[in-house]
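Following: one structure in structure tokens, then a few remarks.
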Amino acid sequence: MIEQAIANGEVDPSVDVELAVMIMETWSNAISTYVLNEGMKQKDIMKWVRSPRVQERIDKMLYVMEYGLRKTESEFTKSF
């Protein structure tokens, strides 16, 4: 997926693909762990995971994954 994104010009070609894959797997595991740890406390896990609060939380995790911790222009136009 990352190599295809590089070929399409969507990702910086200097990105270390193996490192990027490791980081993406780590983030994916973090999201899964969050869902499992918090979701197992719920009576209806599917209702919980579809809730706006949880979707917002996951969106925030994906935002950090995509943009990192650096300041971006979107920080000035979008608030979480």
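The values are calculated or read from the model by the stated rules, or taken from the named source; none is laboratory data. Bear in mind the structure is a predicted one, so any value in this text is a computation, not a measurement. Backbone-built Cβ (ideal geometry, glycine too); neighbour counts: all protein chains shown. Note: accessible area is taken over every heavy atom of the protein model, side chains too, but ligands, DNA and RNA are not part of it. Shrake-Rupley method; radii C 1.70, N 1.55, O 1.52, S 1.80 Å.
From the list SER14, SER79, exactly one residue is open to solvent by 90 Å² or more (accessible area, probe 1.4 Å), at pLDDT 90 or above and part of a loop (DSSP other than H, G, I, E, B). Which is it? First the steps, then the outcome.
On the way: SER79 fails: at pLDDT 90 or above.
So the residue among SER14, SER79 that is open to solvent by 90 Å² or more (accessible area, probe 1.4 Å), at pLDDT 90 or above and part of a loop (DSSP other than H, G, I, E, B) is SER14.
Would you please list the contacts, defined by Cβ atoms under 9 Å and residues six or more apart or on different chains, that run from a residue in the stretch 42-67 that is on the phi > 0 side of the Ramachandran plot and part of a loop (DSSP other than H, G, I, E, B) to a residue that is among the hydroxyl-bearing types (Ser, Thr, Tyr) and at pLDDT below 85?
Between residues of the stretch 42-67 that are on the phi > 0 side of the Ramachandran plot and part of a loop (DSSP other than H, G, I, E, B) and residues that are among the hydroxyl-bearing types (Ser, Thr, Tyr) and at pLDDT below 85, there is no close pair.
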